[in-house]
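Just below is one structure, and these are the notes that go with it.
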Amino acid sequence: MLNISQKKELVERLAAQLAEAQISILVDYKGLDVQKITDLRAKLREAGVQMEVVKNTLLNLAAQGTDCALLQDYFTGPNALVTTAADPVASAKILVDFAKENEKLELKAAAFGGQLLGYDQIKELAKMPSREELLGKLVYTLNAVPTSFVNVLAGVPRGFVNVLNGIKDQKDAA
């Protein structure tokens, strides 16, 4: 049992964490055994995502003034809060994939960009490409423009050389 000062520290730490979070997802873990929860936490930790079980009253206090306040209607029963300040798509993908394998994990709702997302919207978010994939596509696109420009510029001298070779071949044949 936490004393009052420990609860205050926990609320302050959670409030700071929620203020930095790009996405906050509330999950119901009831029915999962310790091993499965440990596996889920390990997968999330690898992606830089935090999962924490917090009493609803403390979570309610910490959520004040953050996007997570949108989730207050879902602060009932056993909840785990999943947050990340990095890639919101990665956390959604991990949770949706884990929920497919473990039916007892219930994704209640998420707060993302000032909006409340339901389960179906979290699934749609999980289908998006990751940040690394998007950056890779951007780099490819940015690289394609100068490459095409160089090929167009190189085409003029190349064509000129082909014309000269054609004239030379005609003179040699004559």
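A short reminder: the numbers here are calculations on the coordinates, not readings from a lab. The shown structure was predicted, so the numbers you read here are calculated from the model rather than taken from an experiment.
Among (i) 1.40; (ii) 0.97; (iii) 1.07, find the value of Rg/Rh (Cα atoms, Kirkwood Rh) that was calculated from the structure presented, and write down its label.
Correct label is (i).
Can you give the angle from 0 to 90° between the axis of helix 131-173 and the longest principal axis of the chain, with both taken from C-alpha atoms, to the nearest 10?
10 degrees
What translational diffusion coefficient, in µm²/s and rounded to a whole number, does the Stokes-Einstein relation yield for segment 93-157 at 4 °C and a viscosity of 1.567 mPa s, taking the hydrodynamic radius as the Kirkwood radius over Cα pairs?
Working: Rh = 15.1 Å.
In µm²/s, the coefficient is 86.
What is the extension gain from residue 127 to residue 35, computed as 0.36 nm multiplied by their sequence separation minus the C-alpha to C-alpha distance, in nm to one decimal? Numbers along the way, then the final one.
Values: separation 92, 0.36 × 92 = 33.12 nm, distance 2.67 nm.
Fully extending the segment from residue 127 to residue 35 adds 30.4 nm.
Which value in deg cm²/dmol, rounded to the nearest 500, describes the helix-derived mean residue ellipticity at 222 nm for the chain, given -39,500 (n - 2.57) per DSSP H run of n ≥ 4 and division by the residue count? Spell out each step's value before the answer.
Details: 6 runs with 104 residues, N = 174.
About -20000 deg cm²/dmol.
With axes computed from alpha carbons, what is the tilt in degrees of helix 34-46 against the longest principal axis of the chain, rounded to the nearest 10 within 0 to 90?
The angle comes out near 40 degrees.
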